[in-house]
Amino acid sequence: MKNFFVMIFFVFFCFFYAVTGSVANEKSSPEESSILNKAYQEYKQKKFQNVLTMIEPFVKSSQKKHSFSYILYGLSASELKQYKKAITVYEKGIGFYPQNYTLCNNCGLAYMNNQQYIQAAKMFSKTINYAPQDQKIALRFLVAQNWFYAKQYAQAAREGEIVYKANPQKREYIEFLVMCYIENKAWANADNYLSYLLNLYPLDVKSWKTAAAVRIRQNNYVGTATALEISQILEPDVSKTHALLSLYTKVHAPHFMLETLKKLPQTSQNQKYYLQAKIQTGKLKEALQYINKQNQQNPSAEWYFLQGSLQNRLLQYKDAEKSFQQGAKMQGEFAEKCLLSLALGYWEQGEIKLAQKEFTKLLNSSYSNEAQNSLRNLELMEKEIILMNEIMAQNN
């Protein structure tokens, strides 16, 4: 969630502002000006260690020096990832120039890069007072982000609300508030902003990925699986589709398992409640033992689906494969679910030919859309693998 674009933009903006803006009226001796100019040329050539050596006497002096010396030293130290050194010099410069926007802002960035998020949030809050008007909202968002990184989610949400009100159409701000309220377990607020996001961007895959993140934190398996199914349809990038499918297989099983319980043949309500409690509380082995026994007595596609799904969750992949194969031989809705799970399992294991074979069987089923999309993506993956092998052979 860290917005590195914002961070980079602020570093360069502040550097430019330091050279051309607030320091114009500051005075330094000809000798100091000459050294600073030479150090600046070294900085432009990315000779950051040279910069530190050249102007270290300035920043270590107890006397007040030109603000550009503290800025240039701090930037060079940050480029070398010496953030503590940069912070020390920025803080010293702020002591001499307490209202210098560039020093305050760059110090906040150094704190942020050093993962001192609370200090960063406080420094950015201070910086807002001295920032140009067109930078205040972006700075406020940095304040909110750092409170989030510091796991101070209520404070992050308060700052995020201010940013959101300034631009209520911006996706980044809405998603940020959704995540703040998720972490703070303020589910009603998270749902409200999520609904608003989905209304604004209903055909954007990012919206549905965010929806899935909310639903899975709420243990809402049906909502999670639905959001991921929509994400899979909308995702244009096949490389991302495979990663998404991996996540989908982790949540579709609990979703369908709980749906399956409602339709189990010759099963009492008490038995259904028993299994539901075992699945939702994570006592999967006990649930599997019960299902194995029931499946031996009265085999059905529903029992095989539950059996295979639980075996998958328990990493018993070969057993799961056999269960889904048995269930797929039967008739009805859950025979198709077994076949879909079998195909997804093969895909997950990299067995592309086997996955294609099973998805092909689903082309005339209620999962025809999923099968078509999956076959297209598998074909693209196959071509990518062939191309990759050709490239590797040429290199060898």
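Each residue in the stretch 205-218 was checked for being open to solvent by 50 Å² or more (accessible area, probe 1.4 Å) and within 29 Å of ASP134 (Cα to Cα), and 1 of them qualify.
GLN41 falls short on exactly one of the conditions (1) open to solvent by 50 Å² or more (accessible area, probe 1.4 Å); (2) closer than 23 Å to GLN135 by Cβ; (3) modelled with pLDDT of 90 or more, and that condition is (2). A single member of GLN115, GLN169 is in contact (Cβ under 8 Å) with a residue 12 or more places away in the chain, within 26 Å of ASN192 (Cα to Cα) and assigned to a loop (DSSP other than H, G, I, E, B), and it is GLN169. Against the test of being open to solvent by 30 Å² or more (accessible area, probe 1.4 Å), polar (S, T, N, Q), at pLDDT 80 or above and in contact with a helix residue (DSSP H, G or I) (Cβ under 8 Å, 6 or more places away or on another chain), the options ASN184, ASN192 yield a single qualifying residue, ASN184.
Evaluating ILE279 against the criteria (1) modelled with pLDDT under 80; (2) more than 26 Å from LYS329 (Cβ to Cβ); (3) part of a helix (DSSP H, G or I) leaves one unmet condition, (2). Does GLN307 count as assigned to a helix (DSSP H, G or I), within 22 Å of ILE279 (Cα to Cα) and out of contact with any strand residue (DSSP E or B) (no Cβ under 9 Å at 6 or more places or on another chain)? Yes, satisfied. Name every residue in the stretch 282-300 that is surrounded by fewer than 16 Cβ atoms within 10 Å (Cβ to Cβ), in contact (Cβ under 8 Å) with a residue 24 or more places away in the chain and not in a helix (DSSP H, G or I), in order of residue number. Across the stretch 282-300, the qualifying residues are ASN298, PRO299.
Out of LYS318, LYS361, LYS337, which single residue is farther than 19 Å from THR267 by Cα, of a type in the set (D, E, K, R), surrounded by fewer than 19 Cβ atoms within 10 Å (Cβ to Cβ) and within 34 Å of the chain's Cα centre (by Cα)?
Checking each option against the conditions leaves just LYS318.
In this structure, does MET330 turn out to be under 30 Å from ASN377 (Cβ atoms), more than 33 Å from the chain's Cα centre (by Cα) and either modelled with pLDDT of 85 or more or part of a helix (DSSP H, G or I) (or both)? Before you say what the answer is, go through the steps one by one.
On the way: under 30 Å from ASN377 (Cβ atoms): yes; more than 33 Å from the chain's Cα centre (by Cα): yes; either modelled with pLDDT of 85 or more or part of a helix (DSSP H, G or I) (or both): yes.
So MET330 passes the test.
Name the single residue, out of those in the stretch 51-73 being open to solvent by less than 70 Å² (accessible area, probe 1.4 Å) and free of Cβ contacts under 8 Å to residues at least 24 places away in the same chain, that is farthest from TYR97 (Cα to Cα). Quick ask: steps written out before the conclusion?
Here is the first cut: in the stretch 51-73, the ones open to solvent by less than 70 Å² (accessible area, probe 1.4 Å) are 51-52, 54-56, 58-59, 61, 65-73.
Checking which are free of Cβ contacts under 8 Å to residues at least 24 places away in the same chain leaves us with 54-56, 61, 73.
Working: MET54: 22, ILE55: 18, GLU56: 18, SER61: 15, TYR73: 15 Å.
Taking the candidates together, the pick is MET54.
Residues being under 26 Å from CYS180 (Cβ atoms), of a type in the set (Phe, Trp, Tyr) and modelled with pLDDT of 70 or more are entirely absent from the stretch 217-225.
The values are calculated or read from the model by the stated rules, or taken from the named source; none is laboratory data. Note that the structure is a prediction, hence the values are computed from the model and not measured. Please note: Cβ atoms are built from the backbone with ideal geometry, for glycine as well, and neighbour counts cover all protein chains shown. For the accessible areas, the whole protein counts, side chains as well, though only heavy atoms, and no ligand, DNA or RNA atoms are used. Shrake-Rupley method; radii C 1.70, N 1.55, O 1.52, S 1.80 Å.
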